[in-house]
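To keep things clear, I will list the structure first and then write my remarks on it.
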Amino acid sequence: MRHAFWFMMASSCLLAAVDGTVTNATTGKPQPGVIIMLVQPGQNGMQTLGNAKSGAEGKFKIDKEYPPGPALLQALYSGATYNTMLTPGSPTTGVAIKVFDSTTKPDVGRAAQHMILIEPSANGVQVSETFLFDNKTQLTFSDPARGSAQFYLPKNAQGKAQVTINSPGGMPIPREAEKTSQANVYKIGYPVKPGETRFDVSYTLPAGDTFDGKTLDASAPTFLVTPPSVKLAGDGIDDLGEEPQTHAHTYRARTASFQVKIEGTGSLRNSENAAAAPEEDNGSPKIEVASARVYDKMAWVLGLTLVILALGGVMLFRKGMA
């Protein structure tokens, strides 16, 4: 009787099947042939509970009961994955999922800005590069051959770089950087969906007083940022002055290749000067200091909530920069 009681209690906690419609936001029509997967975190990480394919009218149904708690619907279409969160208490019927057609047109996938944070110390130079994409179209940029972004990794980084991607409506995920045919040039093959997407690249260089950089996309302005106690000097950069909120020094790369002299040491993420200050517009990019995010182990009680760990200084950009 006791076992039967607990079985009935467990069964009563299961949620019913999930159904809905997939719409192609590029065409405005229902999208057939989309693979939908229902995933949920477990003790061994993310688990796929069921899957389905959308029909002629974009309808899908995953006839699989699952335990309460947050879950995720992942729609696979045209080389990209689109996530829809199912939070506790939210309807599991009539779920609306949007997907987009893909393109390889460079204008759609071009980065809007590129920022390089340089934090030197006695033990090494921590470098955090951020590429910000602002896709204002109804298309997803996907170019597996060239990648969505390419970056120059100095030779003394020994090919070691960590990449984290923050996409619209998604969670931060790690991604492997891939070598290209060019020496010290790597690509990130991740689709850029409509909205804002951020690629964060972090690597460490041996201690030194110089930094060599390259701008691979001339259409995206490149800014260099240092903590208040660190200054840069070089022929290929323009000094934009002090950022008003964090008091960081900001520079703009004027040439495709540049070598700068580093004076001082410091870390922007630990700076006490990052306190809020009156807003001013001096033409330099406005930045906000935050921690880079990577996946840690997922606790069942947190569901799909990821444990955010400090990995490096990552800048959150604002629109309307110079």
(message) Exactly one of these conditions fails for SER219: (1) closer than 25 Å to THR140 by Cβ; (2) in contact (Cβ under 8 Å) with a residue 60 or more places away in the chain; (3) surrounded by 17 or more Cβ atoms within 10 Å (Cβ to Cβ). Give me its number.
(response) (3)
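Specify which of the listed residues (TYR203, TYR190, TYR186) is touching a residue at least 24 places away in the same chain (Cβ under 8 Å), surrounded by 20 or more Cβ atoms within 10 Å (Cβ to Cβ), part of a loop (DSSP other than H, G, I, E, B) and in the same structural domain as PRO144 (by TED's automatic domain parsing).
Values: TYR203 fails: part of a loop (DSSP other than H, G, I, E, B); TYR186 fails: part of a loop (DSSP other than H, G, I, E, B).
Exactly one of TYR203, TYR190, TYR186 is touching a residue at least 24 places away in the same chain (Cβ under 8 Å), surrounded by 20 or more Cβ atoms within 10 Å (Cβ to Cβ), part of a loop (DSSP other than H, G, I, E, B) and in the same structural domain as PRO144 (by TED's automatic domain parsing), namely TYR190.
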(message) Looking at ASN135, ASN83, ASN166 in this structure, which one is surrounded by 20 or more Cβ atoms within 10 Å (Cβ to Cβ), within 27 Å of THR21 (Cα to Cα) and not charged (D, E, K, R)?
(response) ASN135
(message) Of everything in segment 143-183, what is in a loop (DSSP other than H, G, I, E, B), touching a Gly at 6+ places or on another chain (Cβ under 9 Å) and closer than 14 Å to LYS214 by Cβ? Give them in sequence order.
(response) LEU153, PRO154, THR180
(message) ALA161 - would you say it is surrounded by 15 or more Cβ atoms within 10 Å (Cβ to Cβ) and either without any contact (Cβ under 8 Å) to a residue 12 or more places away in the chain or aliphatic (A, V, I, L, M) (or both)?
(response) yes
(message) Based on this model, can you work out whether LEU117 counts as under 23 Å from GLY169 (Cβ atoms), surrounded by 14 or more Cβ atoms within 10 Å (Cβ to Cβ) and of a type outside the set (Val, Ile, Thr)?
(response) no
(message) Which condition from (1) under 19 Å from TYR203 (Cβ atoms); (2) surrounded by fewer than 23 Cβ atoms within 10 Å (Cβ to Cβ) is the one that THR130 breaks?
(response) (2)
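The values are calculated or read from the model by the stated rules, or taken from the named source; none is laboratory data. Everything numeric in this text was worked out from a predicted model, so none of it was measured. All Cβ positions, even for glycine, are placed from backbone atoms using ideal geometry, and neighbour counts span all protein chains on display.
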